[in-house]
Every structure is written in structure tokens, then in C-alpha cells.
1. What residue, among those in the range 93-108 that are assigned to a strand (DSSP E or B) and touching a Gly at 6+ places or on another chain (Cβ under 6 Å), is surrounded by the fewest Cβ atoms within 10 Å (Cβ to Cβ)?
2. Select from the range 168-195 the residues that are touching a residue at least 60 places away in the same chain (Cβ under 8 Å) and among the polar types (S, T, N, Q) and write down the one among them that is farthest from G227 (Cα to Cα).
3. How many residues does the range 2-52 hold that are surrounded by fewer than 14 Cβ atoms within 10 Å (Cβ to Cβ) and at positive phi?
4. Being hydroxyl-bearing (S, T, Y), free of Cβ contacts under 8 Å to residues at least 60 places away in the same chain and part of a loop (DSSP other than H, G, I, E, B) is the filter; apply it to the range 19-71 and report the residue that is farthest from G88 (Cα to Cα).
5. For the range 295-306, does any single residue satisfy the condition of being part of a strand (DSSP E or B), under 21 Å from the mean Cα position of the chain (by Cα) and either closer than 22 Å to T380 by Cα or at pLDDT 85 or above (or both)?
6. Within the bounds of the range 335-348, is there any residue that is more than 24 Å from the chain's Cα centre (by Cα) and either of a type outside the set (K, R) or within 18 Å of E200 (Cα to Cα) (or both)?
7. Could you check the range 341-384 and list, in sequence order, the residues that are touching a helix residue (DSSP H, G or I) at 6+ places or on another chain (Cβ under 8 Å) and of a type in the set (S, T, N, Q)?
8. Quick test for you: out of I282, I365, I332, pick the one residue that is modelled with pLDDT under 85, of a type in the set (V, I, T) and either crowded, with 16+ Cβ neighbours inside 10 Å or not in a helix (DSSP H, G or I) (or both).
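The values are calculated or read from the model by the stated rules, or taken from the named source; none is laboratory data. Quick caveat: nothing in here was measured; it's all calculated off a predicted structure. We place every Cβ from the backbone using ideal geometry, glycine too, and count neighbours over all the protein chains shown.
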Amino acid sequence: MRLVHKYGGSSVATPEKIMAIARRLAQLKKEGKDLVVVCSAMGKTTNGLIALARQVNPSPSKREMDALLSTGEIQTVSLMAMALQALGADAISMTGFQSGFITNAVHSKAFIKEINTQRVEQYLDEGKIVVVAGFQGITEDGHITTLGRGGSDTTAVAIAAKLDCPCEIYTDVDAVYRVDPRIYPNAKPLSRISYEEMMEMAALGAGVLETRSVELAKKYGVELYLGRTLEEGKKGTTVMSQQVFFEEMPVTGISIKEHCAIVTFRHMDYNAGTAASIFRLISRNNINLDMINQTILDGKVAFSFSCSDEQAAELEEALGREPEEKALVLDIRRDLTQLSLVGVGMATHTGVATRVFDTLARCGIPYYQITTSEISISFTIDKENKEQAVTALAQEFDL
């Protein structure tokens, strides 16, 4: 049976942790599993590499940063293969491009164009444990790229999809929780969650799984499991197709996204050209929008959206580089927190929004932009109200 394991940075942070995982993998191999093991960089290696780069260049190019950051995962997989070999297991390490990951040329957040797993499968057929560097690939013309935040999750699920096998992601948390237990200690773990809910929660700030990895799992039917590294027994969370039981509760969980900004273009003439210039500016700077809103009053338009503080700063810096943008008036409200309640049960339960905003009103918590989908309600609040709002909503919906 083929199986993909993925280990996060905290799980492989020390040689001792790598050896402990290697012992577990060697045992699984003895039990007949054909293993592909995807690893992140050790501990805080990526942060250290970023700091190192800035010592020689405060504004390094994204291409060179990708080349540098990819070395973190390469270090880990080499050590993991060595550890397995020391235990008598036949293992081989592979970089992202050696394992067939071809991406587009958007450095620091590349997308996978294709995967050729021929060499991976060859090594599996030879009885080797294949240890693959996560987070990275290569363009068709030979430039190293990285896949962005959570890219090792994406690597693992993509390989599992190509090999048509399950994917198990191991980290320092024991399950997906309805609410971040660091904020709400009484939060309940989820033994199972639908692809749709997990995608929504990940996109809206839940950090346990990366959105693209869940999207790939859903698209290709990959059986996905998340649990704590080396924990005995499967006590974690299985991500699976939507089932009837998910309708028992209207809200499955709350996602929290920090460092958000509301960007507003004010006093614009109401015409298609103005809106087009804004979207060209957004597209050119690869800004991910959320909570888009347009208000028309007395022939003037205010267009607003939410994004990260970092992307708001990039947008502000880029504004005015093109002639049609110089007339745009930009306001930014920074350092907000976005809360999102997610649940497929919202599609069949009425009154969820009423309960949400009645709860906030009772607590005296102001809120700003609001957006909804069939399975979510999102809004921004001041960051100092985060813990009170999360606690009150978790109690209201028994999360």
C-alpha cells in the first residue's frame, strides 16, 4: 500500500525528532507500506534564512529568495534519508524539481502546472522510502520556485493525488479544533470535517491546513488526515466528503485571520473605467481580495475590500505608477482581525446571522465589513476585541 506522510517544521526541528520519525517510518516500511515522506524545513530555519538574506540585501529579489529558502527543505530531507539509512532502511532524498514539480514563474507563491512522478514511482518500485522536499518546484526554463505559505502541505497532497493514495499530515497539533484552543481553551476537536468546511476555514485563517492542499484533496478525492506527530492511535481529524451528519450543527468552527486591512478608494466617478483601473492595479500586484464592497452616493463611488496588512502596504506603494491611477484616493484601515464562522449547516439553518450579531451587540463589540457565503459569515473587528468575540461566539454555538 502506498502512503504519503508529511511532517511540519516543528516535527523535524531537531536531529532527535528526525531520528524518532525515522524509526516510525522504518517500522511502517517493515509492515509493507510504500512510503513517500514530504518534509518542511527544520524549526525556524526559514525565518533564519530570511534574516540572513536581509543582512546582505534589505530588498532581495523574489527569485533569489526562492533559491535560498528552498535549501531549508533540502537540508531536512537529506537528514531524514540519512537517518533512515542509519536504521537499515533503503531511502533516497529528492528536491522538488527532482520529484517532478513544474510550476509557473510567480516567485514566492508559485502554482503547480504539472507533476511527473516517474522517478518517485521508480524508487518506490525499487523498495526505497522516498523523501521529498516540500514547498518547492522549478519552472519550465529552470528557475527554482517556492509554493508560498503552507506549500509543503500542497506538495504532499499533490503527490498523493498523482499516486492515488492517502495523505497523512503530521504536525504539533492533535486535531482540527472548532476554535483555536489558545484563545478558547474549551474548544472541541473535530474527528471529521468536510472538504468544503476545511477549505473555507483554511482560506479564512485557520492555520492547521493550507487552502490549496485541501482544494487538491477534494478535487482528486485524496483521503486526508491530520494528527500529532508520533501520537499513538489515530486521534486526529479526517477531512472527507460532505455527509448528512454535518447538518446537525449550523456552525462547525471559527477561523481567525490576523493583521487584516480594509482598503477603500473614495470619491471616484461612477464609470467602468475607474473600476477597471483599480482591478488592474490589484491584479498587477497579485493582491488577494476579500469582502469586496461598492457604494454609490450622489454619482460618486466608494470601492473597498479587505486584504492583509502586508498586501495593503504593497498596494499603497504601487499606487500612482500608472497615469490613470494618480487620481485614485486611497484610505487604509490597518491591524484588524477577521472572524469567520463556518459550517455547511448554515445552508439549512436560519437565524445564524441574527445570533452572531446579537452576540456581538450584547458584548458591545463593533464590527466593520461583512461578507457571507452559503457556508460562512465573516466580519472584521478591532484586534483588541478578538478574544472576547471568539469566546462569546464559541459559547453561543457550543464550539
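1. Result: T103.
2. N186
3. 1
4. Of everything passing the filter in the range 19-71, S59 is farthest from G88 (Cα to Cα).
5. Yes, the range 295-306 contains a residue that is part of a strand (DSSP E or B), under 21 Å from the mean Cα position of the chain (by Cα) and either closer than 22 Å to T380 by Cα or at pLDDT 85 or above (or both).
6. Scanning the range 335-348, I find at least one residue that is more than 24 Å from the chain's Cα centre (by Cα) and either of a type outside the set (K, R) or within 18 Å of E200 (Cα to Cα) (or both), so the answer is yes.
7. Answer for the range 341-384, where residues must be touching a helix residue (DSSP H, G or I) at 6+ places or on another chain (Cβ under 8 Å) and of a type in the set (S, T, N, Q): T348, T359, T372, S373, S376.
8. Sole residue among the options that is modelled with pLDDT under 85, of a type in the set (V, I, T) and either crowded, with 16+ Cβ neighbours inside 10 Å or not in a helix (DSSP H, G or I) (or both): I282.
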